[in-house]
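The values are calculated or read from the model by the stated rules, or taken from the named source; none is laboratory data. Given the structure is predicted, the values throughout are model-derived calculations rather than measurements. So basically every Cβ, Gly included, is an ideal-geometry build from the backbone, and we count neighbours across all protein chains shown.
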Amino acid sequence: MKKMAPTLLLLLSSTLSGATYANLNAVECNDCSAAAAQQQATKVLAKQESQSVYVVDFVNNKVNKFQQDGELVSTAAMTLSENLQINNHYAHRKVNLRSVD
């Protein structure tokens, strides 16, 4: 019984954390060039208020992160946690995506 309370508290805190409900902005662009990937990212960022978007290429098993700074959309370095989050999001595809940078 004494172990049940901390376990329940840990489970509850992990399910209610902000990272669990984080919104992942990703768009697919299979076998596209760097210019086409940036164009897809620009379209998505123009429609949404988010600051970054991930362009996923399942043919080449890679993912690019694009950030918007004013009107300029450019590539950005991905962290390991972002790469893991993308791979967990697309785990049903059974592919391991790697970041380009």
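Each row is one residue, and each column tells you yes or no for (1) at pLDDT below 90; (2) closer than 11 Å to Val27 by Cβ; (3) over 12 Å from the mean Cα position of the chain (by Cα).
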residue: Gln40; (1), (2), (3): no, yes, yes
residue: Ala46; (1), (2), (3): yes, no, yes
residue: Phe58; (1), (2), (3): no, no, yes
residue: Ser81; (1), (2), (3): no, no, no
residue: Leu84; (1), (2), (3): no, no, no
residue: His89; (1), (2), (3): no, no, no
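Identify the residue in segment 70-88 that is in a strand (DSSP E or B) and in contact with a Ser or Thr (Cβ under 9 Å, 6 or more places away or on another chain) and, among all such residues, is nearest to Thr42 (Cα to Cα). Please lay out each step first, then the result.
So in segment 70-88, the residues in a strand (DSSP E or B) come out as 72-76.
Still in the list and also in contact with a Ser or Thr (Cβ under 9 Å, 6 or more places away or on another chain): 73, 76.
Working: Val73: 6, Ala76: 14 Å.
Here the answer is Val73.
For segment 60-79: of the residues being surrounded by 14 or more Cβ atoms within 10 Å (Cβ to Cβ) and over 16 Å from Cys29 (Cα atoms), which is nearest to the chain's Cα centre (by Cα)? Applying the filter and picking the extreme gives Met78. For Ser74, the test of being under 22 Å from Asp101 (Cβ atoms) and at pLDDT 80 or above is passed.
The single residue among Ala46, Ala41 that is small (Gly, Ala, Ser) and surrounded by fewer than 16 Cβ atoms within 10 Å (Cβ to Cβ) turns out to be Ala46.
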